[in-house]
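The values are calculated or read from the model by the stated rules, or taken from the named source; none is laboratory data. For clarity, every value in this text was computed on a predicted model and none was experimentally measured. Please note: Cβ atoms are built from the backbone with ideal geometry, for glycine as well, and neighbour counts cover all protein chains shown. Remember, those area values only see protein heavy atoms, side chains included, never the ligands or the DNA or RNA. Shrake-Rupley method; radii C 1.70, N 1.55, O 1.52, S 1.80 Å.
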Amino acid sequence: MNKLTAFSTFTILSFYVSVCQVADQQVNIDIEELTIVGIHKAYADGSYNSQNLVEAYLSAIGEADDEINAITIINPNALHTAKALDQEYQKTKVLRPLHGIPIIVKDNINTIGLPTSAGAFALQDFIPEENAFVIKKLVEAGAIILAKSNMAEWAFSPMHTESSTGGITRNPYNLDYVPAGSSGGTAAAIAANLAVGGLGTDTGNSIRGPSSHNSLVGFRTTLGLISREGIVPLFLRNDVVGPMCRNVEDATRIMEVMAGFDSKDPITKNSLGKTPDNYRKYLVNNGLEGARIGILRELSDHEADPDIKALFENAISDLDSLGAEIIDPFVIPDFAILRQNQWCATFRTDVESFLATYVKRDTVKTLEDIIRIGTTSEFSGNRLVTFAGKNGRWGDQEKECLDAYQDQLRIAFREAIENAMDSLKLDAIIYPSWNNKPALIDHFQDEYKGDNSQVIAPHTGQPAFTVPMGFSNGNLPAGLQFLGRMYDEPTLIKLAYSYEQGTKFRKPPKLKKKL
């Protein structure tokens with residue numbers, strides 16, 4: 001299928017022709033592992049401008065994306081936006097926080113002028129008239145929306161990334177393996193250096209899982225810190241949008257721009273008075289010195305792959321050597337009981353609300369309409385049928401499904417964790433983001449094991465960050481997850497940054513270049 005269906009006359013090749021007409025000069029840029037700070041330094045000293053950088057990333061997409069299939073559509077206005085930003089900088093000599101920073105956006109986030117399909121035929125020609133709240137914030141900060149990325153259709157799958165509109169995305173570190181889901185397109189693209197950073201959404205796993213599988217940093221922030229307005233929901237009561245980047249600093253800078261109250265997403269009212277103006281000040285090299293870290297063996301040791309277990313034990317040793325005090329094991333009273341019956345199937349209610357608010361078409365108003373229009377994904381088709389017949393809490397239909405601030409089961413789970421942390425004066429809890437390696441694409445359901453990200457944060461609302469912790473056999477990345485208290489992103493930034501700087505496990509994949 002042509003991935004550029006909404007712009008059928010537009011091709012990447014013709015886009016390159018326009019580059020020669022728009023860019024002020026042709027400059028060779030080594031885009032591998034570029035950072036926001038490094039880019040802004042280059043803009044300031046005149047090494048290159050944002051038009052040159054956009055051109056470089058478009059060239060990289062043209063060379064690498066056929067292999068990984070991460071990009072669904074390129075923004076035809078990206079270079080014109082870059083030109084305007086360059087002209088602004090020439091006049092003001094002031095760089096906005098994300099001035100000229102190309103980012104990739106998951107295909108379930110409303111982006112004006114570009115399709116927001118959630119990977120589904122039902123929305124393949126839906127082009128929003130307005131940006132989602134977080135996109136507005138990013139654009140105001142100077143970011144350039146470079147492209148949109150493939151995703152697991154309707155964000156259903158944490159296991160793999162397959163959609164009707166974009167096909168199958170592959171892991172750039174080993175093309176036979178999944179990038180996880182549902183934000184696998186963003187993860188694969190950022191891992192392969194096709195943009196500076198990207199956005200994913202996380203209902204249970206979908207930022208942290210793909211980040212872990214692609215040697216990235218992924219932030220699932222506190223439920224309420226960042227608005228979900230204008231985002232195709234899976235289960236809105238769990239959904240979070242957040243950054244997926246190659247390093248903690250870039251993720252922090254993108255998160256900082258997006259955080260804050262939005263009247264169109266009432267849950268963000270809980271963040272008022274809890275959001276620092278500056279999260280970057282927590283990027284300190286010695287952030288682990290004196291920190292108390294709890295090891296949640298109930299997760300980390302459960303049916304763990306020997307390779308992942310070895311990486312995790314090495315991570316604990318690294319944390320210790322970097323100055324942390326390790327509490328091992330850390331036990332949460334009644335953990336096995338409290339984690340039960342947390343999931344609620346609210347897809348019908350949430351997606352039909354999105355359709356009514358944003359899509360506004362008589363032909364696509366209900367879940368039955370979505371099913372009628374169809375899908376090429378067997379996995380997605382099965383999930384649609386399941387959700388058509390199910391609405392409410394799994395395991396205990398009597399208890400109402402509410403948000404993280406009102407649902408008694410969720411509150412009890414969170415309080416048990418935070419009380420246990422308080423009793424031992426812990427700064428964070430750690431466990432592998434996955435206890436197992438990425439699955440083979442051809443066997444993703446059979447090999448789906450060890451997904452720890454689903455267990456705590458989506459239900460309690462707590463923030464959880466994943467950071468690269470090395471590679472297992474087969475050149476397959478693994479991630480270490482830090483879980484913290486509500487709105488304690490500053491502590492997680494400090495710990496994650498210190499661990500990253502002290503270990504430097506991140507490395508780019510080696511993809512073939514076109515001749």
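Given a 1.4 Å probe, how much area per residue of segment 127-172 is accessible, in Å²? Could the numbers behind the result be given before it?
Working: 1100 Å² over 46 residues.
Per residue, segment 127-172 has an accessible area of 24 Å².
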- Message: When a/c reaches 1.5 or more, the comparison of a/b and b/c decides; with that in mind, is segment 63-153 rounded, prolate or oblate per its Cα gyration tensor?
- Response: prolate
- What residue among ASN475, ALA70, ILE144 has its Cα farthest toward the positive end of the dipole of the chain, where the charges are +1 on Lys, Arg and -1 on Asp, Glu, each on the Cβ? ILE144
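Counting other C-beta atoms within 10 Å, and keeping those with at most 15, which DSSP coil GluC sites (Glu not before Pro) do you find in segment 224-329?
Details: sites: GLU229, GLU249, GLU256, GLU289, GLU298, GLU303, GLU313, GLU325; in loops: GLU229, GLU289, GLU303.
Loop-located and lightly packed - GLU289, GLU303.
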- Counted charge near ILE101, where neighbours are those whose Cβ lies closer than 11 Å (Asp, Glu -1; Lys, Arg +1): +1
- LEU95 accessible area, 1.4 Å probe, all protein chains in place, Å² to nearest 10: 50 Å²
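Suppose every Lys and Arg Cβ carries +1 and every Asp and Glu Cβ carries -1, with no other charges. What dipole size does the chain come out with about its Cα centre, to the nearest 20 debye?
It works out to roughly 800 debye.
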- Cut-off of 10 Å, at most 11 other beta carbons, DSSP loop: longest stretch of the chain lacking such trypsin sites (Lys or Arg not before Pro): 94-359
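For the chain, what does the helix formula give at 222 nm: sum of -39500 (n - 2.57) over DSSP H segments with n ≥ 4, over the residue count, nearest 500 deg cm²/dmol? Let's see the in-between values first.
Details: 17 runs with 173 residues, N = 515.
The helix-only estimate for the chain comes to -10000 deg cm²/dmol at 222 nm.
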- Message: Along its three principal axes, how long is segment 308-386 when you only count alpha carbons? Whole Å, largest extent first please.
- Response: 60, 29, 25
- Percent carbon-and-sulfur accessible area, segment 248-343, ignoring ligands, DNA and RNA, probe 1.4 Å: 47 percent
- Query: Remind me, relative contact order of the chain in percent, using alpha carbon pairs under 8 angstrom and six or more residues apart?
  - Reply: 17 percent
- Round to a whole number: what % of the accessible area of segment 54-194 belongs to carbon and sulfur, probe 1.4 Å? 48 percent
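Charges only on Cβ, +1 for Lys and Arg, -1 for Asp and Glu: so what's the dipole of segment 83-197 about the Cα centre, in debye to the nearest 20? Please list the in-between numbers first.
Details: 9 positive and 10 negative charges, 102 e Å.
Charge dipole, segment 83-197, about its Cα centre: 480 debye, nearest 20.
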- Message: Apply the a/c threshold of 1.5 to the C-alpha gyration tensor of segment 200-254 and tell me whether it is rounded, prolate or oblate.
- Response: oblate
- Note: segment 229-315, point scatterers on Cα, Debye, no solvent; log10 I/I(0) at q = 0.19 Å⁻¹ equals -1.11
- For THR375, what accessible area in Å² do you get when you roll a 1.4 Å probe over the heavy atoms of the protein chains, rounding to the nearest 10? 50 Å²
- Message: What's the magnitude of the charge dipole for segment 307-386 around its Cα centre, counting Lys and Arg as +1 and Asp and Glu as -1 at the beta-carbon? Answer in Debye, nearest 20.
- Response: 720 debye
- The answer for the net charge of residues other than ASN436 whose Cβ lies under 15 angstrom from its Cβ, with Lys and Arg +1 and Asp and Glu -1, is -3
- Task: For P(r) over Cα pairs in 10 Å bins from 0, in percent, several values are listed as (1) 4, 21, 32, 28, 13, 3, 0; (2) 3, 16, 21, 19, 14, 10, 7, 4, 3, 1, 0, 0, 0; (3) 4, 19, 29, 25, 15, 7, 1, 0; flag the one computed from this structure.
- Result: (1)
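Rounded if a/c is under 1.5, else prolate if a/b is larger than b/c, else oblate: which is segment 110-187, with a ≥ b ≥ c the root eigenvalues of its Cα gyration tensor?
Values: a/c = 2.57, a/b = 1.54, b/c = 1.67.
Cα axes put segment 110-187 in the oblate bin.
Within the set of other residues whose C-beta is less than 13 Å from the C-beta of ASP427, count the net charge using Lys and Arg as +1 and Asp and Glu as -1. List each step's numbers first, then the result.
Values: positive: ARG292, LYS425, ARG485, LYS494; negative: GLU289, GLU325, GLU418, ASP422, ASP488, GLU489.
Here the count lands on -2.
Say the cut-off is 23 Å between C-alpha atoms; which of LYS137/LYS504; LYS41/LYS83; LYS106/LYS136; LYS274/LYS399; LYS399/LYS449; LYS281/LYS309 go over it? Intermediate values should be presented prior to the final figure.
Values: LYS137/LYS504 30 Å; LYS41/LYS83 18 Å; LYS106/LYS136 15 Å; LYS274/LYS399 30 Å; LYS399/LYS449 29 Å; LYS281/LYS309 33 Å.
Violating the 23 Å limit, Cα to Cα: LYS137/LYS504; LYS274/LYS399; LYS399/LYS449; LYS281/LYS309.
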- For GLY470, which sequence-distant residues (separation of 5 or more, or a different chain) have an amide H within less than 5 Å of its own amide H, given hydrogens modelled in the peptide plane? ALA478
- Message: I need the GluC sites (Glu not before Pro) found in segment 94-197, filtered to DSSP loop residues with at most 13 other beta carbons within 10 Å of theirs.
- Response: GLU129, GLU130
- Note on the structure: Per the charge dipole of the chain (beta-carbon charges, Lys/Arg positive, Asp/Glu negative, Cα centre), the residue among PRO490, ILE31, SER183 reaching farthest to the positive end is ILE31
